[in-house]
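Working notes for the structure below.
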Amino acid sequence: MFLKEFNTNEKRAFANLIYMLADVDKVIARNEKKLIKEYLNELEIKEENFSKMTYAEVVYNFKQSSDRIKKIAYFELLGLALVDGNYEEQEIDYLDKVANDLGITRAKKIAFANFFYNFKNIHKVSVIKTEGKEINLEAEAEKLF
């Protein structure tokens, strides 16, 4: 949703984060694969041109970034973790490590998780109707950053 804000180094680092997350539980569900392809498309990275980085290199790249970019990276990564409906312990541990390394506060992690629980399928829908009111999900997410 917000990945177009990333610079080239941040795009490459985020692509590595999503592959690391997808691999952490050794199971990549079909909807995870689909979302990864959507992310790569938004990042303008072709799968065949993907270049691997170590986790330390990824963190180093994001340490150079603004707090907003770090929050976007964590927010989008959390969306990937939740897309398959299974939030495995290995994914939780990985996300906690990323959050800690990027300086994402506990309060912000909770706010992001609540967003995804309140608005399911966020990566597919930009506007939903709830009790007759239109809610722009992108605008709601924007408030979190």
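Okay, here's what the table says:
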item	result
Non-local Lys pairs in the stretch 6-70, i.e. 8 or more apart or on different chains, that have alpha carbons under 22 Å apart	19
Charged-residue dipole, Cβ positions (Lys, Arg, Asp, Glu), the stretch 3-105 about Cα centre, Debye nearest 20	340
Inverse of mean 1/r across different Cα pairs in the stretch 3-105, Kirkwood, Å	13.5
For peptides 24-31, 72-79, sequence by mean Cβ density within 10 Å, most packed first	72-79, 24-31
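Bear in mind these aren't lab numbers, they're just calculated from the coordinates by the rules spelled out. Since we're looking at a predicted model, the values are computed, not measured. Heads up, the Cβs are rebuilt from the backbone with ideal geometry, glycines too, and the neighbour counts pull from every protein chain shown.
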